[in-house]
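Enquirer: This structure is in C-alpha cells; I'll ask about it shortly.
The values are calculated or read from the model by the stated rules, or taken from the named source; none is laboratory data. Note that the coordinates shown come from a computational prediction; the quantities given were computed from them, not determined experimentally. Cβ sites come from the backbone with ideal geometry, for glycine too, and all protein chains shown count toward neighbours.
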Ligand SMILES: Cc1cc2nc3c(=O)[nH]c(=O)nc-3n(C[C@H](O)[C@H](O)[C@H](O)COP(=O)(O)OP(=O)(O)OC[C@H]3O[C@@H](n4cnc5c(N)ncnc54)[C@H](O)[C@@H]3O)c2cc1C
C-alpha cells in the first residue's frame, strides 16, 4: 500500500515464521553506533575452506556489516563464540564506552528484519552474480511473488514463507466491484439450492462448494470474530409443501455443516415468526403465511475485513501497495515467461517495474484484462454478473434477524438483512458487462423493492432508499453456460500463461482457501521452497486476537470523546454505547487506539509546538529589540495582544526604519503564530460523530490515515468505513470534515482538498439513493 510504513520501506520483508506482534511501531533511531545491532545467517552455500554459512551482524546506525564464516552443523554456542571472538572482544571496549545495550530482536520488531536480511540478500545476490551459481538461488528463500490484488491472498505469503508484494488499485477499479457489497458469509439458502443441484443433478462441484463455504465460514468467524457474526435468517413459507421442502433442505444443510454448524435451524409458527420479525406480512396476494424456517448464516463487515487482511499481510511482512495499478506485464528475454509487472502509482502517476518468480493475477472481474496484457488472444475466463443492493432504514428489519426469499417471481433469491445499523436488501445476479463504475438501474432497484414488499406489512417506498449500488461478481466462465445461474461459484486457478497464475471466481467466504490454492500453484510454477506450510487457518486478522464481545464496555467506561460545544469550547462527552460498540467491532482490540485519538485534544501537540516556536521568537525578539511578541490563541489573548500593540506603537521611538523592520518581522512572525493557532484550533478534538445518526467518529479518519493507508476521501467513506454505502447523503455531508482531517494528516494543500471533494462527489453520484435518483431522472420525490 502506498503511504504509511511500506511506502518508506519498500524493501521490508518478514520474519515469516512469527505471528504478528501488533501494529508496526517505528523503531527509535539509534543515536550512536553499536547502540542497536541485528543478526542473520545464510546457510547452504558451496563449501569454501570448510565453511558453508555466513553469519551477518549489522550495526544498525551506520549499517556497518560483519560477515563471518561458519560451517554446518553448528550450535548456538558456536555462533556465540564466533560472535565473541570476532566482534565482542574487539568491540567490547567500544560497547562499554558507548553504553550500548542489545535491546531489539526481530521476534518483537519484525520490521528490523529488513536491515540484516536485506544485507544478507545483497551479499547473496553478489555471490550468485559473481560466482554464477544459479543452482543455489532456490535455497535463499528469496522468491517473491506479486499479487495483483491487495486484499485476499497476502496471508499466503506468510503461509509459505515467501517474501511477497501485494499490489492493488483501490482507487482505479476497486470501487467498481470489489468493495460493492459482500455481506454474507457462507451460502445459506443459496447453499440449499446448490445442494438441490448436487442431489438432483449429481453435481459434485456444487456439493464441494457447500462444504468449502461451510468450512471457510467457520474459519473466518474464528479468525476475525470482531468483524463476523452468526445471523439468523428467516424463510417465509406460504404453503405446507414449502415448509417441508425448506425444513428438510435446511436440516440437510445442518447435517453437512456438522461441527461447523453455527446453530441448528428450526421451524417457527406464524405467530412466533411475526413476534420475531414484526414487519413480516401474515397474508397478502391471496396467500397465508404458514410459518417460517430459520437457519443461521454468517455476516461480516466486508470493508473492515478487507483492510484487516491487508494490514495483517503488512504485519506478516508483505509489501502492500494500494492505489497501484498494473499497466503491463514484463516477459523474459525469449518472451516466454512472465517475470514482472509495470506498476503505476495512481496517486503520483509514477511508474516502476517490479520482478518476481511468479505473479498471481487476482484482479476479479478485470483478471482477463491482465491476462490479455500477456497474450492479447487469451480466451476470456470471466462471466461478469451484477448484483444490486439497496439500503433502507433500520425499521424495515429487526436487529437480529434477516429475511431470505429463496424464489422470487423470476426465480432469484432476494434477501433483507440488518447491516451496520440499517437494512440491506438485494438479489442475486443478472448478466452484465464489465464497466468501470457500475451503477444500479432503476428497474433493478424497483425489482428489489417490489420483491420485498410482497413479504412485508409496511409500505415499501423508493424514497426510503438511503443508498443503492451495483457490483460485479467475477464468475468463472463455463463456455457452455447460457446464463449465470448455471455457473458454479467455485473458484478456478490456472496458469495458462507461464509465470502468471490466475485465480478467479469463488466467494468472499472462501477467500482463504482460494489463496491457499493460488499459492500452491505459485509454488509449483516457480519451483519455490516455502519455509513452512499453510498457517492461515488459525491466523487472526489484526484486532481479532483476544477480542471479546464485551470489549466495548472498556471503551465506554474508560474513554471520553472530546467535542466542541456550541460556544466553541472543547468539552469532554461520554463515549456512548453505540460508538463504543461500533469501534470495538470495527477495530477489534485496536479500538482503544481510536478511542484514545477521540479523547485527545489533537491540537495539543501542534499547540505545544506552536508555543515553543513563539517562545523562541519572543526570546529572539527580546534579545533584539526587547519587545514581546503576542500569540493569538483566544479572545482574551487577542485583547491583550491589541493592548500591547497599542503600547508598542506609542513606544516606537527608535526611528522609522527600525520600527518598520520590527513591524515586518512582527507581521511575519505573527502570521506564523496565527497559522499555527488556526491549525491547532481546527484540530482541537476528533471526538465528534461524522454524520448524524451514525456511530462513525472523526477520530477514525485520523486513525485510518495513520495506520490503515487511507489515502483519499473515498478510501474513508467507502473502504474504511461504509458510510457511502449506508447513506449516500450522510456521506456527502460528512465529506468536508473527512477531507479536513485527512488534509491535516497528509498535509494536503487547498487544491488537493478541492480535488478530493470533487472526486468524492462524483463517486457518490454513482450510488442511487432516493436523492440521487431524483437528481438523475426526476421521477422520485
Ligand atoms: C453485489 C455482490 C454481492 C456479493 N455477495 C457475496 C456474499 O454475500 N458472500 C460471498 O461470499 N461473496 C459475495 N460476493 C462475491 C465476492 O465479492 C467475490 O467473489 C469476490 O469479491 C471476488 O474476489 P476477487 O479478489 O477475485 O475480486 P475483487 O474482489 O473484484 O478484487 C479484484 C481487485 O483487483 C483490483 N484490480 C483490478 N485491475 C487491476 C489492475 N490492473 N491493477 C491493480 N489492481 C487491479 C481491483 O481494484 C480489485 O481490488 C458478492 C459480489 C457482489 C458483486
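Per-residue answers, yes or no, for (1) in contact with a strand residue (DSSP E or B) (Cβ under 8 Å, 6 or more places away or on another chain); (2) buried (at least 16 other Cβ atoms within 10 Å of the Cβ); (3) modelled with pLDDT of 95 or more:
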| position | (1), (2), (3) |
| --- | --- |
| 528 | yes, yes, no |
| 538 | no, no, no |
| 551 | no, yes, no |
| 571 | yes, no, no |
| 574 | yes, no, no |
| 581 | no, yes, yes |
| 602 | yes, yes, no |
| 622 | no, no, no |
| 630 | no, yes, no |
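Enquirer: Go through (1) away from the ligand (no atom under 11 Å from the Cβ); (2) more than 30 Å from residue 232 (Cα to Cα); (3) touching a residue at least 24 places away in the same chain (Cβ under 8 Å) for residue 334 and report which single condition fails.
Expert: Just one mismatch for residue 334, condition (3).
Enquirer: Out of all the residues in the stretch 303-313, is one or more under 20 Å from residue 508 (Cα atoms) and modelled with pLDDT under 90?
Expert: yes
Enquirer: Of these, 512, 593, which one is outside any loop (DSSP other than H, G, I, E, B), within 16 Å of the ligand (Cβ to nearest atom) and either surrounded by fewer than 17 Cβ atoms within 10 Å (Cβ to Cβ) or modelled with pLDDT of 85 or more (or both)?
Expert: Unique residue meeting the criteria: 512.
Enquirer: Against the condition at pLDDT 90 or above, over 19 Å from the mean Cα position of the chain (by Cα), more than 11 Å from the ligand (Cβ to nearest atom) and not in a strand (DSSP E or B), how does residue 418 come out, does it pass?
Expert: Considered against the rule, which asks whether it is at pLDDT 90 or above, over 19 Å from the mean Cα position of the chain (by Cα), more than 11 Å from the ligand (Cβ to nearest atom) and not in a strand (DSSP E or B), residue 418 comes out as no.
Enquirer: Does residue 470 satisfy the condition of being at pLDDT below 90 and surrounded by fewer than 20 Cβ atoms within 10 Å (Cβ to Cβ)?
Expert: Against the criterion (at pLDDT below 90 and surrounded by fewer than 20 Cβ atoms within 10 Å (Cβ to Cβ)), residue 470 does not qualify.
Enquirer: Output the residues belonging to the stretch 261-290 that are assigned to a loop (DSSP other than H, G, I, E, B), more than 36 Å from the chain's Cα centre (by Cα) and modelled with pLDDT under 90.
Expert: Those that are assigned to a loop (DSSP other than H, G, I, E, B), more than 36 Å from the chain's Cα centre (by Cα) and modelled with pLDDT under 90: 285, 286.
Enquirer: Does residue 339 meet the test of being within 15 Å of the ligand (Cβ to nearest atom) and in contact with a strand residue (DSSP E or B) (Cβ under 9 Å, 6 or more places away or on another chain)?
Expert: no
Enquirer: Give the residues of the stretch 345-368 that are part of a strand (DSSP E or B) and more than 20 Å from the chain's Cα centre (by Cα), sorted by residue number.
Expert: 351, 352, 353, 354, 355, 358, 359 - these are the residues of the stretch 345-368 that are part of a strand (DSSP E or B) and more than 20 Å from the chain's Cα centre (by Cα).
Enquirer: Scan the stretch 369-396 residue by residue and report those that are outside any strand (DSSP E or B) and more than 12 Å from the ligand (Cβ to nearest atom).
Expert: Result: 374, 375, 376, 377, 378, 379, 380, 393, 394, 395, 396.
Enquirer: Could you please give the count of residues in the stretch 497-509 that are assigned to a strand (DSSP E or B) and either surrounded by fewer than 23 Cβ atoms within 10 Å (Cβ to Cβ) or within 12 Å of the ligand (Cβ to nearest atom) (or both)?
Expert: 5
Enquirer: Can you confirm whether the stretch 442-462 contains a residue that is closer than 29 Å to residue 368 by Cα, crowded, with 19+ Cβ neighbours inside 10 Å, modelled with pLDDT under 90 and within 14 Å of the ligand (Cβ to nearest atom)?
Expert: Within the stretch 442-462, one or more residues are closer than 29 Å to residue 368 by Cα, crowded, with 19+ Cβ neighbours inside 10 Å, modelled with pLDDT under 90 and within 14 Å of the ligand (Cβ to nearest atom).
Residues are listed down the side, and each one gets a yes or a no for (1) over 20 Å from residue 437 (Cβ atoms); (2) in contact with a strand residue (DSSP E or B) (Cβ under 7 Å, 6 or more places away or on another chain); (3) at pLDDT 95 or above; (4) not in a helix (DSSP H, G or I):
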| site | (1), (2), (3), (4) |
| --- | --- |
| 703 | yes, no, yes, no |
| 735 | no, no, yes, no |
| 754 | yes, no, yes, no |
| 767 | no, yes, no, yes |
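Enquirer: Right, next: Looking at (1) modelled with pLDDT of 90 or more; (2) under 17 Å from residue 718 (Cα atoms); (3) away from the ligand (no atom under 11 Å from the Cβ), which one does residue 424 not meet, given that it meets all the others?
Expert: Tallying (1) modelled with pLDDT of 90 or more; (2) under 17 Å from residue 718 (Cα atoms); (3) away from the ligand (no atom under 11 Å from the Cβ), residue 424 fails exactly one: (3).
Enquirer: Only one of (1) modelled with pLDDT under 90; (2) more than 25 Å from residue 475 (Cα to Cα) is not met by residue 209, so which one is it?
Expert: Failing condition for residue 209: (2).
Enquirer: Does at least one position in the stretch 306-320 carry a residue that is in contact with a strand residue (DSSP E or B) (Cβ under 7 Å, 6 or more places away or on another chain), within 14 Å of the ligand (Cβ to nearest atom) and assigned to a loop (DSSP other than H, G, I, E, B)?
Expert: The answer is no, given that none of the residues of the stretch 306-320 is in contact with a strand residue (DSSP E or B) (Cβ under 7 Å, 6 or more places away or on another chain), within 14 Å of the ligand (Cβ to nearest atom) and assigned to a loop (DSSP other than H, G, I, E, B).
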